[in-house]
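Novice: What follows is a structure written as C-alpha cells; I'll ask about it next.
The numbers here are math on the coordinates, done by the rules we state, and not lab data. Only a predicted model underlies this, so the values are computations on that prediction, with no experimental measurement involved. Cβ: placed from backbone, ideal geometry, glycine included. Neighbour counts: every protein chain shown.
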Amino acid sequence: MSQTNFAGQAALVVGASRNMGRAFAEALAADGAAVAIHYNSDSSRADAEQIAAGINAAGGQAFAVQADVTKVTEVRRLFDTVEQRFGHLDILINTAGMMVKKPVTEVSEEEFDAIFALNTKAAFFCLQEAGRRLRDNGRIVSVGTSLLAATTGYYGVYAGSKAPLEDFTRALAKEVGHRGITVNVVAPGPMDTAFFYSVETSETVAYLKRASINGELGQVADLVPLVKHLVSPENRWTTAQTLFINGGFVSR
Ligand SMILES: NC(=O)c1ccc[n+]([C@@H]2O[C@H](COP(=O)([O-])OP(=O)(O)OC[C@H]3O[C@@H](n4cnc5c(N)ncnc54)[C@H](OP(=O)(O)O)[C@@H]3O)[C@@H](O)[C@H]2O)c1
C-alpha cells in the first residue's frame with residue numbers, strides 16, 4: 001500500500017460501513033492514513049470489521065468502532081477511543097445521515113426528532129469534538145445535500161435538517177482557522193446508493209436522472225477526489241465552504 005499524502009495522519013470516518021463513508025475511509029487508508037471505521041447498527045458491524053481487516057491486510061492501519069452519535073456522550077466516547085488508539089486525530093469526515101421524504105403536512109413529531117437528532121445534533125457535536133481535539137492543520141468535512149439549492153417538495157424536513165451544517169461549518173472554520181484547520185461541507189446530488197433508492201420511485205429516479213448533465217446518477221467514486229483533496233495537507237485555502245457535487249443537478 002502506498003504511503004503518500006496521508007502518512008502519519010489519523011482519520012475518523014463517521015458512517016464508514018458502506019457507500020460514501022466506506023469509499024472515503026478506504027481512499028485515505030490507501031494513501032497512508034490510519035483510519036477509524038465508525039458504524040452504529042449491529043447489522044453494520046461485520047461490514048465495518050471486514051473493511052478494517054481489508055485495510056490492515058493491505059498494510060494499512062484501521063479499526064472498527066461503534067457509536068450512536070445522536071448521543072453526545074457517545075460522540076465523546078468515540079473520539080476518546082480514536083485518540084487512545086491512534087494517539088492523535090487529524091481528520092474528521094462525517095457521513096452519518098438519514099432521510100425522510102414526505103410532504104411537510106405529513107411529517108410526524110417522531111420523524112422530525114429522529115432526523116434532526118442525526119443530521120443536525122449529531123453533526124454539530126461531531127464538529128464540536130473535532131474542533132476541540134484535531135491537531136493543528138486538521139481537516140473536517142461533513143456531508144450535506146445539494147437539495148439546499150433546489151426548490152422542490154417532499155424533502156423539506158431532510159434538507160432543513162442538513163441546512164444548519166452550513167452555519168456550523170462557517171462558524172467553526174472561523175474559530176479554528178488560526179490553527180490551520182479547514183472545515184467544509186460537501187453537498188452531493190442524487191447518488192446511485194441504497195440511501196437514495198429507499199425513498200424514490202421509478203418515476204422520481206427517472207426524473208432526477210434527467211436533471212444531471214448526462215442522464216446518470218452520481219457514483220460514490222465521483223465524490224472521492226474532492227473529499228480527498230479537502231482533507232489533504234494540500235488544502236490550505238478552501239474552508240468555510242459548501243461544495244456542490246452533483247453532475248449539474250443544481251448550482252448556487
Ligand atoms: N445517497 C444519496 O443520494 C445522498 C445524496 C446527498 C447526500 N447524501 C448524504 O450522504 C450521507 C451518506 O449517505 P450514504 O448514501 O452513504 O448512506 P448510508 O450508507 O445509509 O449511510 C448513512 C450512515 O449513517 C449512519 N448512521 C445512521 N444512524 C446513525 C446513528 N444514530 N449514529 C451513528 N451513525 C448513524 C449509518 O451507520 P449504520 O449503518 O451503522 O447504522 C450509515 O453508515 C448521508 O448524510 C446522506 O444524507 C446522500
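Novice: Taking the Cα centre of region 106-252 as the origin and placing charges on Cβ (Lys, Arg +1; Asp, Glu -1), which of Ala122, Ala159, Val231 is farthest toward the positive end of the dipole?
Specialist: Val231
Novice: Under a Cβ-only charge scheme (Lys and Arg +1, Asp and Glu -1), can you give me the dipole magnitude of region 112-216 about the Cα centre, in debye to the nearest 20?
Specialist: I would put it at about 460 debye.
Novice: Among Gly218, Gly247, Gly180, whose Cα projects farthest towards the positive end of the dipole of region 162-252, with charges put on the beta-carbon of Lys, Arg (+1) and Asp, Glu (-1)?
Specialist: Gly180
Novice: Full-extension gain between Glu175 and Ser198, please, as 0.36 nm times their residue separation minus the C-alpha to C-alpha distance.
Specialist: Length gained, Glu175 through Ser198: 4.5 nm.
Novice: Give me the dipole magnitude in Debye, nearest 20, for the chain about the Cα centre, with unit charges on the beta carbon: positive for Lys and Arg, negative for Asp and Glu.
Specialist: Using only the charged Cβ atoms, the result is roughly 600 debye.
Novice: Let me ask another. Hey, how much of the P(r) for region 105-225 falls beyond 25 Å, as a percent of Cα pairs?
Specialist: Percent of Cα pairs beyond 25 Å in region 105-225: 33.
Novice: Next up: Which aspartates and glutamates, on any chain, are close to Lys209 with Cα under 14 Å apart, when same-chain ones fewer than 8 places away are left out?
Specialist: Within reach: Asp192, Glu200.
Novice: Within the chain, which is the longest segment that contains none of the GluC sites (Glu not before Pro) sitting in a DSSP loop with at most 14 other Cβ atoms within 10 Å?
Specialist: 1-215
Novice: Still on this structure, please answer the following. Quick one: if you take sqrt(5λ) for each eigenvalue of the C-alpha gyration tensor of the chain, what semi-axes come out, biggest first, whole angstrom?
Specialist: Values: eigenvalues 155, 75, 71 Å².
Semi-axes, largest first: 28, 19, 19 Å.
Novice: Same structure again: Which of the lysines could be linked to Lys121 by a straight reach, that is with a Cα gap under 16 Å, when you skip same-chain ones fewer than 8 residues away?
Specialist: List returned: Lys71, Lys162.
Novice: Using +1 on the beta carbon of Lys and Arg, -1 on that of Asp and Glu, and nothing else charged, what's the dipole of region 32-88 about the Cα centre, debye to 20?
Specialist: 120
Novice: If you don't mind, there's one more thing I want to ask. Using Cα-Cα distances under 8 Å and only pairs 6 or more residues apart, what relative contact order does the chain have, in percent? The partial results should precede the final answer.
Specialist: Numbers: 498 pairs, mean separation 46.1, N = 252.
So the answer I get is 18 percent.
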